[in-house]
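These notes are about the structure you will find just below.
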Amino acid sequence: MAADVTKGTVQPDLDFIRMLKKSGGDTLKKCMQCANCSVACPLAPDSRPFPRKEMIWAQWGLKDKLISNPDVWLCHQCNDCSVQCPRGAKPGDVLAAIRNMAIGEFAFMKPLAKIVRDKAKLPVLFAIPTVVLLLTLLVTGKLFGFGEGDEVAFSKMFSIPVIDVVFIPLFLLVVFAAGKGVMSFWGALETADAKVGKKRYIKPSPFDFVKYYILPVLGDIITHTRFAKCGGNKSRYTAHLGIFFGFMGLFLVANIDAVTHNLGFHTPYPMLSPPKFIGNLSALALGIGMLLVIFKRKKDEAEGTQVGSYADWSLIWMIVAVTVTGIVSEVTRLIGIGFVAYPVYFAHLVFVFCLFLYLPYSKLAHMVYRTTAMVYAKYTGRE
Ligand code: SF4
Ligand code: SF4
């Protein structure tokens, strides 16, 4: 039942509260509204700071208010607030759980979202790319062998045009789903503001919108300006920086590969060629970033300042799987152990496929939702 606030009474959305507690916000009822967390948060604005108000809204099950609130996304989960909370209510985790619920709420193609977000459906998630890639090998006649020669080369198994045929439609689907989710989110933010009489009467031109709102936010994201403000959790800043640039580098290399192939270059490239060099450096940055995240999370969980939800750990292990299979397949290819390199490369593609599918529905979706919330906050003068 949807939460209702009329004539000073609150009818809580009990289902939402139950789901929130299941998604990692099980401590929310401990909050006594002392506001220590809002004072401790280095990112909260002075007017209507977070996360105290979100804690009471969560206790009341005010789902619509929470998921259409940009502040939930302005939080960068540094956990300074959770460390300062005298009640152990872990507001940082509660906000993370709210974000997770919001992603599910705005998701386009909800059945796919369920597969990605439900632990019990993990075998289905892996089965989809496995079947697609096995069928691809069958159709290209490479299911039972990849041709002549001793050299181990993954292009013998999946040539770049074949990879393009599999991954470009997947990429477009993911971009479409993420775009639909973001548009629903933006609509919810505007509707929530309109309800309290906040409306922007003069709209900027598309050019000004990009110049004054989108570009500055992208600048903040690239430099990690907001992350750098987090006090007690500096290692998270370093870790996130490694993961962010690792991802960007690998994405760039995938595009370079697609373009250079069409220009007549053939893989595998020499180790010191620009695509290989950038790719290896990015994998290293990603690997170090992930190790820092895992150590920090384990430590916080042991100290009781953070709880690990399925949303957190499934994404972490998926990125680890992509990184490890990528490195192992490359090393075994270089030393010529084909019977290890090819299956590990196949597994690598399965994990990469899953990671793509994760983007609009998992914690990875914060890339688009947080960016949207930051742009909205700038656009409405919240920041
Ligand atoms: S979450 Fe903790 S610090 Fe924040 S208002 Fe509640 S009890 Fe106080
Ligand atoms: S986790 Fe960090 S950014 Fe988020 S509300 Fe708490 S102190 Fe603020």
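The values are calculated or read from the model by the stated rules, or taken from the named source; none is laboratory data. In this text the structure is predicted, and so the values were computed from the model without any measurement. Cβ atoms come from the backbone with ideal geometry, glycine included; neighbour counts cover every protein chain shown. To get the accessible areas, we keep the full protein, side chains included, count just its heavy atoms, and leave off ligands, DNA and RNA. Shrake-Rupley method; radii C 1.70, N 1.55, O 1.52, S 1.80 Å.
A few comments on the model shown:
- Checked against (1) more than 16 Å from ligand 2 (Cβ to nearest atom); (2) open to solvent by 20 Å² or more (accessible area, probe 1.4 Å), C34 passes all but a single condition, namely (1).
- When every residue of the range 25-39 is checked against the conditions, at least one turns out to be assigned by TED's automatic domain parsing to the domain that holds L95, within 15 Å of ligand 1 (Cβ to nearest atom) and on the phi > 0 side of the Ramachandran plot.
- Residues being surrounded by 23 or more Cβ atoms within 10 Å (Cβ to Cβ) and either of a type in the set (G, A, S) or away from ligand 2 (no atom under 16 Å from the Cβ) (or both) - total across the range 68-100: 5
- Looking at the range 273-383, the helices (runs of 4 or more DSSP H) lying wholly inside it that each contain 2 or more residues that are at pLDDT below 90 and open to solvent by less than 50 Å² (accessible area, probe 1.4 Å) sit at 274-303, 310-334, 338-358.
- Odd one out for L355 among (1) touching a Gly at 6+ places or on another chain (Cβ under 8 Å); (2) farther than 22 Å from L95 by Cα: (1)
- Considering the range 125-146, the residues that are open to solvent by 70 Å² or more (accessible area, probe 1.4 Å) and part of a helix (DSSP H, G or I) include one that is nearest to L357 (Cα to Cα), namely V131.
- Filtering the range 49-67 to residues that are more than 13 Å from ligand 2 (Cβ to nearest atom) and either in contact with a Lys or Arg (Cβ under 8 Å, 6 or more places away or on another chain) or open to solvent by 20 Å² or more (accessible area, probe 1.4 Å) (or both) leaves I56, W57, Q59, W60, K63, D64, K65.
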